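Worksheet: one structure, shown below.
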Amino acid sequence: MAALWLARASSQLARRAARRLPPRPSRHGGEPTCPWFLGSAAAPPVLGSPRPPAVDRTIRRGFCSVRRFAGESSAAAAAAAAEEEPENGFAGSDQAVDFPGGKVSFVAEMNFLPESHGERINCYRVLDDDGRTKSGSRFQEVSKEVALKMYSEMVTLQIMDNIFYEAQRQGRISFYLTSNGEEAINIASAAALSIDDIVLPQMDKKDACAITYFGDGGTSEVDENSPATAVMEAPVIFFCRNNGWAISTPTTEQFRSDGVVIRGQAYGIRGIRVDGNDALAVYSAVHAAREMAIAEGRPILVEALTYRVGHHSTSDDSTKYRPVDEIEHWRTARDPISRYRKWVQGNDWWSDAEESELRSRVRKELLQAIQVAERMPKPPVAELFTDVYDQIPSNLREQEQLLRETIMKHPAEYPTNVPV
């Protein structure tokens, strides 16, 4: 009996809705009555556009009951709709549905969200290109000790990249990924963390957060962890290094949204866009993000805009898909190390003599480390396959067997000091 009554009530609601549908465009020409239909000269309405002339809202109604999402049964909701709502629609224009996540108001206009905002999201910056703090900028104070530690590590990373890149070209190592032009992101973001924070997607300590790093190319892959962290109120910092390129694919061919930071709103995640070539801005943003993540129990999205000055890896030649003058502009005019050095020296914390000593010492230490490593006994081939799994899976066993067979067939192509 209840099912029959519910079917009749649903049918009645459907007939009411059908009577309120707009008339179809005429077959014999003339403008369609709904100007947002395809082929109309009128632009589709978007949120924020001026409202159309006032209409009699009492002849319109929504297709879902206000009570349906408030926890009542479907039969009770249909009964309430039939008893309380007038035949010709809503009683007023201020009705809303108490939907999970908050109250949602009903409106009579059909408004489509625009595909993008009129203006792009701003980018947080502290230092200008000459290393001077921008007027009115707010940032986390950095002590002399921390500032010099950050600068020393940035220089070390730069020198290490240059040495190991050349070592790969000399055949002394097989593969290397550089961070040229992105030193501020790597060092400054880590400097803003504490010893208890971990660079892993999960953690089990109080008063600590987790941070995970990924590139703009990684955002093109499906990942369900971001919305889950918002629902679970996990203290996680999602740090996106947006350097404009996923190897050779530009961001313009990856997505149409305003970068990556805008996606946080879709997941209910607070976010900020920061100048990735500004070490002080990166440090301040991650420091603030960490405090919010821990104190409020929420994930934070940080998008750092930067540029990969070097090749993606030693297997890549980025001049094949990027203009050389563009690379040189970012290498010289927007170098994060030069900018940060100007700020440090402006505070009288650094000198040219200290700069020369640092670079000479770091280069010597790295070259010595390479020589020591080259003299060490080489690990056996088996360790290529045993350093991850406790029980080696069958596919890795097949790969190991194939490698051994290949070495036996072409012994001259493989180093003799590697135990087989």
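Here are some notes:
- Note on the range 396-412: residues that are among the charged types (D, E, K, R), closer than 19 Å to P379 by Cβ and surrounded by fewer than 12 Cβ atoms within 10 Å (Cβ to Cβ) total 1.
- Close contacts from the range 281-308, counting a first residue that is part of a strand (DSSP E or B) and a second that is polar (S, T, N, Q) and at pLDDT below 95, with Cβ to Cβ under 6 Å and a gap of 6+ residues or different chains, come to E303/N242; L305/N242.
- Answer residue from the range 220-238, given it is in contact with a Gly (Cβ under 7 Å, 6 or more places away or on another chain) and open to solvent by less than 70 Å² (accessible area, probe 1.4 Å) and is modelled with the lowest pLDDT among those: A230
- A Cβ distance below 8 Å, combined with a sequence gap of six or more or placement on separate chains, defines the contacts here; from the range 128-141, residues that are on the phi > 0 side of the Ramachandran plot reach residues that are among the aromatic types (F, W, Y) in the pairs G131/Y340; G131/W343.
- Test: residue in the range 119-130 that is surrounded by 10 or more Cβ atoms within 10 Å (Cβ to Cβ), more than 17 Å from T306 (Cβ to Cβ) and at pLDDT 90 or above: yes
- Which listed residue is under 28 Å from D129 (Cα atoms), among the small types (G, A, S) and surrounded by fewer than 16 Cβ atoms within 10 Å (Cβ to Cβ), from S351, S318: S351
- Flag for T133 being open to solvent by less than 60 Å² (accessible area, probe 1.4 Å) and modelled with pLDDT of 95 or more: no
- Any hit, the range 308-315, residues being of a type in the set (A, V, I, L, M, F, W, C) and in contact with a helix residue (DSSP H, G or I) (Cβ under 8 Å, 6 or more places away or on another chain): yes
Let's see how each residue does on (1) in contact (Cβ under 8 Å) with a residue 24 or more places away in the chain; (2) under 21 Å from the mean Cα position of the chain (by Cα):
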position	(1), (2)
R120	yes, yes
E145	no, no
K149	yes, no
R169	yes, no
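- Filtering G276, G217, G268, G259 for residues that are modelled with pLDDT under 90, of a type outside the set (D, E), open to solvent by less than 20 Å² (accessible area, probe 1.4 Å) and assigned by the TED database to the domain that holds L148 leaves a single hit, G259.
- When residues of the range 153-182 are limited to those that are crowded, with 17+ Cβ neighbours inside 10 Å and hydroxyl-bearing (S, T, Y), the one nearest to S315 (Cα to Cα): Y176
- Residue in the range 105-114 that is open to solvent by 60 Å² or more (accessible area, probe 1.4 Å) and charged (D, E, K, R) present: no
- Count - residues of the range 121-145 that are closer than 17 Å to A192 by Cβ, among the basic types (K, R) and in a loop (DSSP other than H, G, I, E, B): 2
- Scope the range 375-393; condition within 39 Å of the chain's Cα centre (by Cα) and open to solvent by 80 Å² or more (accessible area, probe 1.4 Å); matching residues: E383, L384, D387, V388, Y389, D390, Q391
The values are calculated or read from the model by the stated rules, or taken from the named source; none is laboratory data. Note that this is a predicted model, so its numbers are computed, not measured. Virtual Cβ from ideal backbone geometry, glycine too; neighbours counted across all protein chains shown. For the accessible areas, the whole protein counts, side chains as well, though only heavy atoms, and no ligand, DNA or RNA atoms are used. Shrake-Rupley method; radii C 1.70, N 1.55, O 1.52, S 1.80 Å.
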